[in-house]
1. Show the residue pairs that are 6+ apart or on different chains and have beta-carbon atoms under 6 Å apart, the first residue being within segment 15-37 and surrounded by 12 or more Cβ atoms within 10 Å (Cβ to Cβ) and part of a loop (DSSP other than H, G, I, E, B), the second being of a type in the set (Asp, Glu) and modelled with pLDDT of 75 or more.
2. Considering each residue of segment 24-69, count those that are in contact with a strand residue (DSSP E or B) (Cβ under 9 Å, 6 or more places away or on another chain), over 21 Å from Arg102 (Cα atoms) and not hydrophobic (A, V, I, L, M, F, W, C), and give that number.
3. Can you name the residue in segment 1-23 that is closer than 18 Å to Met100 by Cβ and hydrophobic (A, V, I, L, M, F, W, C) and, of all such residues, is nearest to the chain's Cα centre (by Cα)?
4. Would you be able to tell me the number of residues in segment 77-95 that are within 12 Å of Gly19 (Cα to Cα) and in contact (Cβ under 8 Å) with a residue 24 or more places away in the chain?
5. Here's a check for you: in segment 38-67, which residue that is surrounded by fewer than 16 Cβ atoms within 10 Å (Cβ to Cβ) and in a helix (DSSP H, G or I) is modelled with the lowest pLDDT?
6. In segment 80-111, what count of residues is obtained for those that are farther than 17 Å from Leu24 by Cβ and surrounded by fewer than 17 Cβ atoms within 10 Å (Cβ to Cβ)?
7. Could you list, in sequence order, all residues of segment 61-110 that are closer than 21 Å to Ser10 by Cβ and basic (Lys, Arg)?
8. Would you be able to tell me the number of residues in segment 1-32 that are over 26 Å from Ser92 (Cβ atoms), among the hydrophobic types (A, V, I, L, M, F, W, C) and in contact with a Phe, Trp or Tyr (Cβ under 8 Å, 6 or more places away or on another chain)?
Amino acid sequence: MLPRPLFIGSEIYRGSSYGMWHPLRVPRVSTVIDLSRAMGWLPRDIYVPSPRAKPDTLTIWHTPDYIAALHAAEAAQAVTADVRNRHALGTSNNPVFPEMYRRPATAAGGSLLAGELLAEGGIVYHPAGVRTTRCRTGPGGFATSTTLFLRSCHCAATGRSGSPM
């Protein structure tokens, strides 16, 4: 059992935006972190930096081609017509943005860490970790990685249990 609640976060959310026209452009995670600190609810000793999930971990659910497309989109800040059609990246629902791979991989890494930390019980809050993706080859709606599903698969594969909530 964890001796105290923990909060998993990252500064990647502070400067990252999905673009001017996206409905999720509002800084949510960094605002939660800042408000929690300002209210005295987030002392330094409970803040845990989120690791970034590695590509091979993300392929528990997503195809290697999709992960490669995210990397390439982040590097080029553009996608080809084939990538747009195949993976639904570079669309109004899933625009290309500077942290196209790193931001969702950090959210997934935080969810995996939460699963590990919760193996013996306790409370872990991970505000960036509730995202859903229906498709292995791309986002289903706006979510470029499936953190909850990845965490569940990882826990099952390692024989661990734990709830992310």
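1. Ser16/Glu99
2. 2
3. We begin by selecting, within segment 1-23, every residue closer than 18 Å to Met100 by Cβ; these are 10-23.
Keeping just the survivors that are hydrophobic (A, V, I, L, M, F, W, C) gives 12, 20-21.
Details: Ile12: 11, Met20: 21, Trp21: 21 Å.
If we take residues in segment 1-23 being closer than 18 Å to Met100 by Cβ and hydrophobic (A, V, I, L, M, F, W, C), then Ile12 is nearest to the chain's Cα centre (by Cα).
4. The number of residues fulfilling the criteria is 4.
5. Looking at the filtered set, the residue picked out is Asp56.
6. 5
7. Those that are closer than 21 Å to Ser10 by Cβ and basic (Lys, Arg): Arg102, Arg103.
8. Selection size over segment 1-32: 3.
The values are calculated or read from the model by the stated rules, or taken from the named source; none is laboratory data. What you are looking at is a predicted structure, and each value in this text was computed from that prediction instead of being measured. Counting neighbours? That spans all protein chains shown, and the Cβs are built from the backbone with ideal geometry, glycine included.
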